[in-house]
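Quick note: the coordinates plus some simple rules give every number you see, no bench work behind them. Values in this document were obtained by computation on a predicted structure and should not be read as measured data. Neighbour counts run over all protein chains shown; Cβ positions are idealised from the backbone, glycine included.
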Amino acid sequence: SRSFHTSMLVRGRPAVAMSRLEPDMKINYEKIEENIGVVKNRLKRPLTLSEKILYGHLDTPTLNKWDIVRGESYLRLRPDRVAMQDATAQMAMLQFISSGLPKVAVPSTIHCDHLIQAQIGGEKDLARAKDMNAEVYNFLQTAGAKYGVGFWKPGSGIIHQIILENYAFPGVLLIGTDSHTPNGGGLGGLCIGVGGADAVDVMADIPWELKCPKVIGVELTGELSGWASPKDVILKVADILTVKGGTGAIVEYHGPGVDSISCTGMGTICNMGAEIGATTSVFPYNKRMKDYLIATNRKDIADAATSMQEHLVPDEGSQYDRLIKINLNELKPALNGPFTPDLYNPCTDMRANAEKNGWPLEVKVGLIGSCTNSSYEDMGRSANICKQARDKGLKAKSAFTITPGSEQVRATIERDGYAEIFRDVGGVVLANACGPCIGQWDRKDVKMGEKNTIVTSYNRNFTGRNDANPATHAFVTSPEVVTAMVFAGDLGFNPETDSITAPDGSEFKFQAPTGDELPSKGFDPGEDTYQHPPSDSAAVKVDVDPKSDRLQLLEPFDTWHGKDLEDMAVLIKVKGKCTTDHISMAGPWLKYRGHLDNISNNMLIGAINIENDQANSIKNRLTGEYGAVPDVARHYKAKQLNWVVVGDENYGEGSSREHAALEPRHLGGRAIIVKSFARIHGKKFLILNKINAFSNEFKKIFNLNISINFKKEKCSFKRFKKSLFELKILKLLFCKTNLKKQGVLPLTFDNPSDYDKIKPDDNISIVGLNDFTPGKALDCVLKHSNGSSETIKLNHTFNQPQIEWFQAGSALNRMKMMA
């Protein structure tokens, strides 16, 4: 393995293991410190914490002689580890298998949390999931064993809680195939959600490429108290920045108010930072993190981090690209929603807002848990409210579900009596899994299309997200507010001021919740659900049945035919918001994540067609009949008719769901034309064809660190080109991970109003592709059904190597050509 993981000394002291589960893999704080010194010496300025961690993980900082400019430069990084949840791990491992490599190059893990449907209760739901998903679990388990990946069995818990308990540490750079990977920022690391192809690159020992993010500072003063919780911090930040305000930036929290927030509370804030489009979020190392590390049996890491503290906090005088100030003393409990996680409603205004907008006031279900709020502290504060209610003889008016974040949290709340309290008031403790948060909920209490309200402590509340019902009004809030509301059964209930009538007729008012940050008796680990890969995996066999409807080996995409893309159909012109949930729904579709053809049957079925204001109903231009989006796309592909998607602002907002990019490519899509892309979807045009791509020669070419800002570099490009040729990396200079790897053209309108010029029955031609060059807009000819035509400009961010990806049909097709 790389020296990055094997250094045995940090300033003369023994290096410590990254995890108690991987004693041979060491944290190399010495290398991070060395890299930070190199970059600081060049930049001659104070660094933010985000910059320290990023630059501390540069592949070869001494090769980089140019300035690093936030928002402009491209970084080639060496992440410490990779984490994959079971839904995305299927495609990632299929890609890795196709690469032909014998073992992963960095510590990697698979976490089984996405395929367990909430139906009855934890134990029965888990047993049912193990039976239904046996083929997938067996594939992931054996693939992990074969290729050196740790495997967390179903029932272990949610990936992000497992990472916080076992793998995150101050200063870590971790990539995960889930959009809420930033949860690990609560332990002072940069944990970033990516697509599966990015994970495969890192596992294959190829530097990971990232456009250097800008840094948004959030200065916290005051202290949290009463009903205000860590969740209220991120609800307020989402209100300020909106769902796209964090795009291209890391959100870095700092200031004296940080010390009033627990480690898991900081994780909550970082977790939901995904909803503002941020690359990730992070907190500086402090005593709350040290306490959590010690409580989770990582005192050696706590001691090492304490000795490195100057590099795990921002430098005095460091500058942010934007600064937000929040006084925690003034923060009040709130709910965000419905249908978007940035619509801020303080509890004081909730009733008036609901009545004004026609939101149902009756709370049908309250749900606490999920990767955002399922810590021991969260469970304890909610249990405190339930105990107050139980002591007054109250039962939950609304249905009430509780999702522990991990087996460790579940076992500990069972031991300490919290689970019993939940059950006493009518709560149902679900399996340690994602469950309803990602749509894995077999909901029975309302009919499809019935207007209703639910309140959750989750992170995301797009239309149909939790139960596939587009009429469900979902509000995200703290677990404490959710719990109070299930006893009132009323969305307008303000727990700070309102009372509930107890069975004895008295008026009862909740006291502000309290709960232990960490268990006084220590954590109960519960059942051992981790499988470490064997040292010798030669005998391990990984099978993929050709007849399987769950798993499918991958085939390369077709190459560009060398001509303009002419007379393409508009498959769908999307009206309004189009998140990854609209493009590739989760829920019941999760079972097809390892089978590209089958999961493509959900492509864009949630997107609203501007032509008829309906979802999954578009006109087939060849037959004149209306049909489902995937069916029409398949028909066009069979008839060799290329097609495009036209979208609005922030297309692809939401999860790191690479299938939202894979499916259009698989079904014949050639371009996505929108006003703007969301952060993660911008990096989702990912290639799946890892077949024999990573030869030793190719890996040598990639193992270089290049980050250039030509605007500030005065040397001639011709001279620069010559030097790169000598390094044999010319064609890979601008290679980056966050765009176009699948050979699809992600394009944006030069004039956003041109969105209105495209009609659903237009024929679209993208011309001039033989002269496709970086920085030059493409011409798009719109041929209208009345015989007229007009030309508009479409912008792109392709550089020359990425153009070669397009011409080859995909990035990895190009890599195979070079191998």
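Here are a few things to note about the model shown:
- Cα gyration tensor, segment 182-313 - rounded (a/c under 1.5), prolate or oblate: oblate
- Shape call, segment 350-508: gyration tensor on alpha carbons, a/c limit 1.5: oblate
- Distance-filtered residues of segment 432-457 - backbone nitrogen under 18 Å, label point 7 angstrom along ASN353 Cα→Cβ: 452-457
- Residue (of ASN602, CYS434, PRO61) at the positive-pole extreme of the chain, dipole from beta-carbon charges: PRO61
- Each residue, GLU507 and GLU310, gets one label point 7 Å from its Cα in the Cβ direction; the gap between the two is 6.0 nm.
- Each peptide among 147-155, 33-41 gets the average number of other Cβ atoms lying within 10 Å of its residues, and from highest to lowest they stand as 147-155, 33-41.
- Selection among SER229, GLY37, ALA471 by position relative to the dipole of the chain gives GLY37 as farthest towards the positive end (Cβ unit charges, Cα centre).
- Each label was represented as a point 7 Å from its Cα along the Cα-to-Cβ direction; for GLU362 and GLU625 these points are 4.1 nm apart.
- Members of LYS153/LYS521; LYS675/LYS757; LYS236/LYS332; LYS236/LYS395 lying beyond 20 Å, as alpha-carbon distances in this model show: LYS153/LYS521; LYS236/LYS395
- In this calculation the C-beta distance from MET132 to GLN531 is compared with R0 = 30 Å, giving a FRET efficiency of 0.90.
- Residues SER810, SER179 in ascending order of nearby Cβ atoms (within 10 Å, fewest first): SER179, SER810.
- Normalised by the number of residues in the chain, the mean separation of alpha-carbon contacts (under 8 Å, six or more apart) gives a relative contact order of 14 percent.
- The simple spin-label model puts a point 7 Å past each Cα toward its Cβ; for ALA471 and VAL446 those points are separated by 0.9 nm.
- For ASP761 and ASP564, a Förster radius of 25 Å and the Cβ-Cβ distance give a FRET efficiency of 0.75, rounded to the nearest 0.05.
- Cα-centre dipole for segment 350-508 with unit charges at Cβ (Lys and Arg positive, Asp and Glu negative), debye to 20: 420
- Theoretical gain in end-to-end length, GLN800 to LEU323 [0.36 nm per residue, Cα-Cα removed]: 168.2 nm
- Length-normalised contact order of segment 10-329 in % [C-alpha pairs under 8 Å, at least 6 apart]: 22
- The chain - charge dipole about Cα centre, Lys and Arg +1 at Cβ, Asp and Glu -1, debye rounded to 20: 2460
- Each Lys and Arg Cβ is given +1 and each Asp and Glu Cβ -1; about its Cα centre, segment 416-473 then shows a dipole of about 340 debye.
- Placing unit charges on the Cβ atoms of the charged side chains and taking the dipole of segment 10-329 about its Cα centre, the candidate lying farthest along the positive direction among ILE261, ALA127, ALA204 is ALA204.
- Within straight-line reach of LYS130, meaning a Cα separation under 20 Å, sit the following aspartates and glutamates at least 8 residues removed in sequence or on another chain: ASP86, ASP113, GLU407, ASP442, GLU527, ASP528, ASP543, ASP545, ASP549.
- Each residue in SER108, SER535 was given a count of other beta-carbon atoms within 10 angstrom of its own, and listing them fewest first yields SER535, SER108.
- Fewest-first ordering of TYR253, TYR74, TYR530, TYR376 by other beta carbons within 10 Å of each residue's beta carbon gives TYR530, TYR74, TYR376, TYR253.
- From the alpha carbon centroid of segment 141-188 to that of segment 614-678 is 32 Å.
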